[in-house]
Amino acid sequence: PGDERLRLKAVRIISADKVTGEVDISKEIQIEIDYWNLEPDKRRIVGIHLYNSMGVCVLISANWPSGIITPDPWYDLPYPRGVFRSTCTLPGNFLNDGLYTIGVAFAVSQTENIVFARDVISFWVIDTGSMRKEYSGQWSGVIRPRLDWKTIQIS
């Protein structure tokens, strides 16, 4: 997918330091996106749309500053011609078990899209039992994060 400005080269799922289609629910997930920038001296915005097996959009993320934890050093810089890799990282214990697909988006600005390719790659999040010690039923919801809880006596 793409045009004379930019073309998608590859998308892969990395977990536990290997390319995989099955991710342990407790492991971090890296979504690597490789692309050819064919038009020099233009900004590039790279984003993902993550869908569950029912086609529900779980999340959208992009490399713009207001939506990321650490700044992307290439955001707002003019790209030279060449091959680039953008990586989005999802924490372990974030997604519920099941099948997910990824759409990839490229833009010049928030209003000028280059390309959007839906269902580029899919992967399974596998329940390894790490969150099944006290509860063995089906966990509801799209996400299944481990969250901080604390109980105190107040009287």
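Computed from the coordinates by the stated procedures, all read-outs in this text should not be read as laboratory data. Worth saying up front: this structure is predicted, and the values here are computed from it rather than measured. Heads up, the Cβs are rebuilt from the backbone with ideal geometry, glycines too, and the neighbour counts pull from every protein chain shown.
Once the chain from Ser155 to Thr111 is taken as fully extended at 0.36 nm per residue, the excess over their C-alpha distance is 10.3 nm.
Treating r as the C-beta distance of Asp97 and Trp64 and R0 as 35 Å, the FRET efficiency rounds to 0.70.
Here the contact order of the chain, divided by its residue count and restricted to Cα pairs under 8 Å and six or more residues apart, works out to 27 percent. With θ taken as phi - 60° and the Karplus curve 6.51 cos²θ - 1.76 cosθ + 1.60 applied, the whole-hertz 3J(HN,Hα) list for segment 104-112 is 10, 10, 10, 9, 8, 8, 5, 10, 10 Hz, x standing for glycine and proline. Non-local lysine pairs in the chain, meaning eight or more places apart or on different chains, with alpha-carbon distances under 25 Å, amount to 6. Here's the picture: a label point sits 7 Å out from the Cα of Arg7 along the beta-carbon direction, and within segment 19-47 the residues with their amide nitrogen under 16 Å of it are 34-40.
Size check on the chain: the Cα extents along the three principal axes, sorted descending, read 62, 38, 28 Å.
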